[in-house]
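Everything on this sheet refers to the single structure shown next.
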Amino acid sequence: MAIPIIHDWEKYFDNPDEGLGSSYERIILNRLISEAICKHGIKSILESPSFGFTGLSGINLMQAALDGAEVHLEDHNELRIEEIKALWQKLDLPLEIRYNKDYSLLDYPDKSIDMSFSFSAIWFVKDLPRYLGELSRVSSKLIFISVPNRAGIGYKTQIKDYSPELYPEVNPGFIDPAVISWHLRKLGWRLEAKGYFDCPLWPDIGMSKEDFLMKHCMFCKLMGKCKVPVAQKAPGKRVSIMDFYTGKDPDFEDRMMRYSFLERFAPEAFKKYWAHHYYLQFVPESDV
């Protein structure tokens, strides 16, 4: 869930260790994005808002950029924008990032972006219909929106901490897939694909995923007794996709995919309550 990141996003720029949960999530998200890029011939992507991932901000499309996509980001925090710029510059990756106060206007020409993208961020916009109208206007091939899984046990547990007084910048009503689909259908977009994802062995809970696995996963308990390090992080060793991007940790993706059994084989009925996120992909009605 994105709510905690509102108050502690800065710490990840000092230490990009995102832990097992967010690291796994990044690899699954990267694969979904890569599939969409290949299927639709995507060359340019706009992520607006780009703030929402529980971890390092502004890197959701870094793998896409490494693969050659032209990336545009928007954020409503000027300090965070500078941190994101510096992060991309370290990898010598091209990036256009702009400040956007409330996402009611996207300052791009009509149909100038192949794919617009949002991950766990749509509840930060001020006016959902206006925002979706702008996405529709600037996007030419695909609108890819991901939201927290509202039916998931993790979301239902964590949303209890929400109140408009504590989090005035968050509108949970905006992450309803039915509402998003209704607006985009009215704007001439057809829902092409949807589904639950980010369905690892652990629930969407606010505790160390390494600790959860060692306490509750029978396979991991057995491996622990056999002295095989499963899901345990060596002291002082960080878990960060940035090391994968810089080439310091080439096995990062393979390690994360060891926890993808449920992702690959669990039925939708199970994922509905266990998966952490839900995605929607829309294409223009004219593509029918």
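Throughout, read-outs are computed from the coordinates displayed, never taken from laboratory work. Quantities reported herein were computed from a predicted structural model and do not represent experimental measurements. A quick note on method: Cβ atoms are made from the backbone with ideal geometry, for glycine too, and the neighbour counts reach across all protein chains shown.
Annotations
- Relative to the dominant Cα principal axis of the chain, helix 128-138 is inclined by about 80°.
- Taking the number of Cβ atoms within 10 Å of each Cβ as an exposure proxy, the fewest-first ranking of CYS38, CYS199 is CYS38, CYS199.
- Degrees, to the nearest 10: 177-186 long Cα axis against longest axis of the chain: 20
- Only helices enter this figure: runs of n ≥ 4 DSSP H residues, each worth -39500 (n - 2.57), summed and divided by the residues of the chain, yield -10500 deg cm²/dmol at 222 nm to the nearest 500.
- Entries in LYS101/LYS271; LYS126/LYS248; LYS101/LYS141; LYS85/LYS141 that, when Cα-Cα distance is taken, lie over 29 Å: LYS101/LYS271; LYS126/LYS248
- C-alpha long axis of helix 78-90 to longest principal axis of the chain, angle in °: 70
- Average Cα contact separation per residue, the chain, under 8 Å, 6 or more apart, as relative contact order %: 23
- Counting 0.36 nm for each residue step from GLU285 to ALA178 and taking away their Cα separation leaves a gain of 36.8 nm.
- For the chain, fraction of C-alpha pairs farther apart than 32 Å, in %: 22
- Dipole magnitude of the range 38-151, debye to nearest 20 (Cβ charges: Lys/Arg +1, Asp/Glu -1, about Cα centre): 360
- Spherically averaged projected area of the convex hull of Cα atoms, the range 242-288: 5.9 nm².
- Dipole-positive endmost among TYR103, ALA69, VAL239 within the chain (Cβ charges, Cα centre): VAL239
- Label point distance in nm, ASP92-TYR273, each placed 7 Å from Cα along Cα→Cβ: 5.2
- As a calculated quantity, the FRET efficiency between ASP67 and ARG130 at R0 = 25 Å, using C-beta atoms, amounts to about 0.20.
- Highest mobility in the GNM of the chain, judged by mean-square fluctuation with C-alpha springs under 10 Å and restricted to PHE124, PHE13, PHE53, is found for PHE13.
- Relative to the 2.2 N^0.38 Å rule of thumb, the range 1-133 has a C-alpha radius of gyration ratio of 1.00.
- Centroid-to-centroid, using Cα positions, the range 85-136 and the range 12-45 are 16 Å apart.
- Largest-first principal axis extents, alpha carbons of the range 74-185, Å: 41, 33, 23
- Segment SER140-THR157, length gained on full extension (0.36 nm per residue, minus Cα span): 2.4 nm
- Sequence-distant aspartates and glutamates (8 or more away, or on other chains) whose Cα lies within less than 12 Å of LYS194: GLU268
- Between LEU184, LEU106, LEU166, the GNM of the chain built on Cα springs shorter than 10 angstrom shows LEU166 fluctuating the most.
- Over the range 90-151, equivalent-ellipsoid semi-axes from the Cα gyration tensor in Å: 19, 16, 13
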